[in-house]
Amino acid sequence: MSHADPVFGRRKPVVIIPPDLRGRLESARLDLLALFRALDQMDLTPLEIPQRLLQQLFELDADYAEALWGLDQPEGSLDLRAMLRDTLAALEQLPNATARFRKNLPQRAHPVLLKLEPATRKSLNPAEAYNMIPGREPQNG
C-alpha cells in the first residue's frame, strides 16, 4: 500500500518484505542459540572464549530479535525500509561472524563443538526463536 507524501504529493514506494525473512531470522536465532548452549556445555574458560567476537554474536542475535518483533508491529508504526536494510545487513554478517568466532576458539574446542552444536540445534524447539521478544510467549513442549 502506498501512502501519499503530504509535502510533495508523491507516493512513497512500497516496501516489500521478503516472504522468507521471518524464517531466515528464526533460523539465525536458533543457530546462535545452539552455538551459545553448546559453548555453555564445553570446558572452556572465559579467557579461551573470544569475548569481543562473542559480543558481536550477541549483538547480531539482538538485531534478529528486534527484527522479529518489528515484523509483528502494526503497519505504519516502523520505518520498514530502514528495518529491512539493517536486518538484511545483519543477516549477511552471520556466516563470517560465526566463522571468525569459531576460528578463534582453542583448537581443542573444535571437535567438541562440531558434535555438540548440531545436536543442540536439533533439540531446540522452533518457538525458542522468540525467546526474549516482547509479546511472544515461548511454547513449552
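Values in this text are rule-based calculations from the coordinates and carry no lab data. Nothing here was measured: the structure is a model prediction, and the numbers come from that model. Here Cβ is always computed from backbone atoms with ideal geometry, including for glycine, and neighbour counts include all displayed protein chains.
The figures follow:
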{"item": "Spatial separation of Cα centroids for segment 87-128 and segment 21-47, in angstrom", "result": "6 Å"}
{"item": "Neighbour net charge for GLU66 - beta-carbon separation under 12 angstrom, K R +1, D E -1", "result": "-4"}
{"item": "Karplus 3J(HN,Hα) series, Hz, for segment 69-78 with 6.51 cos²θ - 1.76 cosθ + 1.60 (x for Gly, Pro)", "result": "4, x, 5, 8, 7, x, 4, x, 8, 10"}
{"item": "Crossing angle, helix 21-41 versus the chain [Cα axis fit, 0-90 degrees, rounded to tens]", "result": "20 degrees"}
{"item": "The chain, dipole about Cα centre (Lys/Arg Cβ +1, Asp/Glu Cβ -1), debye to the nearest 20", "result": "420 debye"}
{"item": "Formal net charge of residues neighbouring ASN104 (Cβ-Cβ distance under 12 Å; K, R +1; D, E -1)", "result": "+3"}
{"item": "Correct option for P(r) over Cα pairs in 10 Å bins from 0, in percent [calculated from the coordinates] among (1) 13, 48, 33, 6, 0; (2) 10, 32, 32, 20, 4, 1, 0; (3) 10, 35, 29, 16, 7, 3, 0", "result": "(3)"}
